[in-house]
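Report on the following structure.
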C-alpha cells in the first residue's frame, strides 16, 4: 500500500500541474483565434534591454498545447510504467521541470530569456536521461546529450546576442520584424551559423545526430516526451520561430538544406537496421526532424506550413509509438526485435494501436502523417533555388519515404506477427492496465481524426499557428485528403510500394544482422564523439594541466593573483586612461602613525607566517583593525562596523582552522636553498607589482572625473525614494540591490565550497594529537569522578566560557538592533548577520561542538536557502505591481511603545541578506567544528584496535 501511494500521489500532483497548464493554454484560444498576441512583461534590467517577457501567439499556443497535453498523457502513462522501487517523486519533479523549461522556450518574448530556458531543457534532459544512474549506458548517454546540446546552447546565446546587436533590441517581436535589416547586415552569416548550430544540435541533425539514439537509456516516458513535444522539437521550433528574420537567403538554404537532406536520408536508412525498438524509433525521429528541417530550409511559405503541420503530426504518432514500445518492454522484458514476434496474440489492443501509429509514421492514407508527407512531396518537386540540392530533393524525398515505410512495416510485422515468442525474460506477456493504454488510445484517435477530417479537426489551430509565423506572407493551402492524381500522389504510391518491397526483400537479413546499418556500421558518431572527447580531455587538458596546473596551493594562488592584476589593469591600459597628476595635500600625523603601524603589521605578517602562524594571524587582525580605524577616520561608519565584524568572524574561523594544519619541520624549512630564495623573490616581486597596480587602479578610480549628479542623486533620493537616511545601506538594498543579490549568492557558493572541501579534508597525522590543555583537563577529570559525564565545560576556560554563554542572548538582541536600525543608521542585514554569527561562534568556543549542538538546533543550509529565497521573492514582488525587479516601496509604521519604525520593502531584502550571511558563516563553522568529532572517532577506533591487538 505504501509503495503504491508513493507512485500515486506524485503522479497525481504532476498530472494536475500538467492538466492546469493545458487548461490555461486552451483558455487562451479565443484571444489567439482573434489574432491577438498575449504578453506579460516583467522588467529585469531595462537599461540593458533585458526583461522577463512572455509572449504567446498562435504558434506558441499550438506548441503549448502539445507540450502540456502530451506531458499530461506521459504522466498518466508513467504512473503505471515506473517501478514501485524507483524514486518516483524525483522523476516527476524532473519531468515537470523539463516541461516548464520547454514551455519557457515557446512563450519567451525575449531572446536572452529564450536561451536561458534553452539551456534548462538540456540540464533537465540530462537529469532525466541519467535517471537510472546505476546504468553506464544512462550515464554515457546523458553526458553525451548534455555536451552536444550544451555547446549548441552556448552557440545559440552568441547568435541571439549578435541578432540583438544587429537589431538594437533583444525583443522577439522587433527581431522578427527586422528580417531585411538582419539579412543585409555584415554579421548576418555569423549570427546564422551560431543559431543554426544551436538548433541543429538540439534537434539531432547531421552531423550532431548521434546523441539522440544514445539517450534511449532514459525511461520510456522520458523518451516519449523528449521525441514528441520537447527537447528535439525545440530546434525545429526555433527555426520556424526565426523563419521571418533569417529565412530566404542562399546561405539559409544551403546550410540548413544540406543538414536536413542528409539527416532525412541517413536517419531513415539507419532506422531500418536497428534491432532495438527504441533505437528504430529514435532514428525515425531523426529522419522526420530532417524532413521538417528540409522544409524550413526551402524558404517557401507553403513549405513552412507543411513543416509546422508535420511537427504536430509527428508529435502524436511518435509519442504513441514510444509508449507502445514501453508496454512491449514492460510486458516482455526486452526490446530486441530479434526476440520479439507474434505479440498480437497476447497484446491485441496495444498491437492495433501501435499498427495505426506506425502506419501514420509511414504516411499511409487516411492518417495524419500522410497529409503532411504529401505536402512535403509537393514542395520537393517545386523549384526553390538553382542548386543541386533542389534538383535531387524529389528523389531523396521519395527514397526516404520508402525507407520510412520499410522500418514502419518492420516494426509491425516483426513484433506483432509470426511465430509465438520463446525464451522471453517475462514469459507471459499480457495487456497492460487500462489507464496505461489510455494515452496511446487518445493519440491514435487524434491521428485518425486528423487524417480523415483535417480541415475540421486541425485546420483552425494550424491556421492560427501559420499566420503567427508568416503574417502577411501566409499562402493559400488546402488540407483536403484528395488533391487529384498528381505527382506528389505518385511519389507517395512509389514510396509505399518500394518500402514494402525493400522490407520483404531484406526481411531475413534484417532479422539476423548485427545492430547497425551496412557500410556505416563502423562509422559511428558515438565513437567519433568519444574520440574527440578523449582527445580534448586527455591530451589537450593534460597538456594544459602539465603547463599551468599544480597541486600546490602557492602556484595556484599566484595565477589567481596575476590574473586579477591583468583583469584590473588591461581595461585601463586599453582605454588609454591617463591619471591626473598626483597632488599631495598633506596628511594628519596621527593618521600617518596609524598607517605606519598597519604597514609594519602587514610586513610582520608576511615574515611571521613562516615561523609562527598564530602570531601571523594576530598581526593580520591588526592590519584589519587598521583598515577599520581608517574607515572611522574618513567618516565611513558603515564600512567600519562591517570591517570590524568581518575581522572578528574570519579571525576566529582561521584560528579554528590552524589547529588542523601540519606542524612545520624546522630543519627543512630553515634550510634556504637557491631555489627557495628565487621563489621568495618571485613572490615578493609579484606582490609588489600587484600592490602597486591596485594602488594605481584605486588612484585612477578616485581621480576619475565623475559627474556630481551621481552622488547628489543618491543623497537627494535616499530618503524620498528608498525610505532611509543611511545612504550607504539604501544604495546596497535598493539602488544597487541587484549587485547585492549577486554578492550574497556568491557568498553562499563560497560557503558551500568551503564546506564541501572540509568534508573531504583529513588532518595531518601530527595535528591529531590531543592538545596539552586537554590532556591536563582529562587527568583532572579522572581525579574527580563525581563530575557529570555530560558536563564538557573545561575547567581551564571556566570563567570565559560562562561569560561567552551569557553573551548569547545579548548578541541576539544586539543583532536585531543592528538589523532594524540599518536603514537610518550604521548597520543592516550584513552587519546583523555577522553579529549573530559571532554569537554562534562563542557558543562553540565556550562548550564545544557537541555541547552547542545539543542545545542549539542549527540548520545553516536552511538559513541560506531561506535567505536567498526571501531576497528573490522580495525582488519578484515588484513585478506584481508593475515595477522592475527589486524596486522597493518605502514607508514608516507607528508601533505601540516603540514609535515610528522604517518598514520599507527593502527591509525584507535585507532580511534575506541577514539570513544568508548567518547561514554561510555557521556552515563554515560547523565544517571546522566537526573535524574535532571526526578526530575523536579516529582516536577511539585506534584505541579499540590497540586493545584488540593486546588481547
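Values in this text are rule-based calculations from the coordinates and carry no lab data. Note that the structure is predicted; figures quoted are calculated from it, not measured. With ideal geometry, Cβ positions are generated from the backbone for all residues, glycine too; neighbour counts draw on all protein chains shown.
If you line up the long axis of helix 613-633 against the longest principal axis of the chain, both from Cα atoms, how many degrees apart are they, to the nearest 10? Its long axis makes an angle of about 90 degrees. Compared with the dominant principal axis of the Cα atoms in the chain, helix 798-820 is inclined by about 60°.
The calculated 222 nm mean residue ellipticity attributable to helices in the chain amounts to -23500 deg cm²/dmol, summing -39500 (n - 2.57) over DSSP H runs of n ≥ 4 and dividing by all residues.
Calculated translational diffusion coefficient of the stretch 292-346 (4 °C, 1.567 mPa s; Stokes-Einstein with Kirkwood radius over alpha-carbon pairs) equals 95 µm²/s.
In the stretch 56-179, Cα pairs under 8 Å separated by at least six residues give a relative contact order of 22 percent.
Specify the inter-centroid distance of the stretch 614-647 and the stretch 245-277, based on alpha-carbon positions, in whole Å. Result: 65 Å between the Cα centres.
So if I take the alpha carbon set of the stretch 75-128, get Rg, then get Rh from the Kirkwood formula, what is the Rg over Rh ratio? Intermediate values should be presented prior to the final figure.
Values: Rg = 13.2 Å, Rh = 12.0 Å.
Value, to two decimals: 1.10.
Quick one: which of 588-600, 490-502 comes out on top by average Cβ neighbours within 10 Å, and what's the full order, highest first? Don't skip to the answer; put the middle values down first.
On the way: 588-600: 12.5, 490-502: 17.7.
Taking the mean over residues of other Cβ atoms within 10 Å, the ranking is 490-502, 588-600.
Pairs of alpha-carbon atoms within less than 8 angstrom and 6+ residues apart define the contacts here; what relative contact order does the chain have, in percent?
Working: 1312 pairs, mean separation 86.4, N = 951.
Relative contact order, the chain: 9 percent.
Taking a ≥ b ≥ c as the square roots of the eigenvalues of the Cα gyration tensor of the stretch 68-171, is the shape rounded (a/c under 1.5), prolate (a/b larger than b/c) or oblate? Because a/c hits 1.5 or more and a/b fails to exceed b/c, the stretch 68-171 counts as oblate. When each of 323, 704 is scored by the number of other beta-carbon atoms lying within 10 Å, the sequence from fewest to most is 704, 323. Classified by the C-alpha gyration tensor, the stretch 270-373 has a prolate form. Its axis ratio a/c, with a ≥ b ≥ c, is 1.5 or above, and a/b is larger than b/c. Could you work out how far the C-alpha centroid of the stretch 848-907 sits from that of the stretch 219-243, in angstrom? Measuring centre to centre over Cα atoms gives 40 Å. Using only the alpha-carbon atoms, how far is helix 860-877 inclined from the longest principal axis of the chain? Give it as 0 to 90 degrees, nearest 10. That works out to roughly 70 degrees. As a proxy for reagent exposure, ranking 413, 288 by other Cβ atoms within 10 Å from fewest up yields 413, 288.
State the dimensionless ratio Rg/Rh of the stretch 48-101 (Rg: radius of gyration of Cα atoms; Rh: Kirkwood radius).
Details: Rg = 15.2 Å, Rh = 13.2 Å.
With Rh from the inverse mean 1/r over Cα pairs, Rg/Rh is 1.15.
Residues 821, 539, ranked from the fewest to the most other C-beta atoms within 10 Å, line up as 539, 821. Normalising the Debye intensity of the stretch 168-228 to I(0), with uniform scatterers on Cα atoms only, and taking log10 at q = 0.21, 0.24, 0.25 Å⁻¹ returns -0.86, -0.97, -1.02. Computed from label points 7 Å out along Cα-Cβ, the spacing between residue 336 and residue 749 is 4.7 nm.
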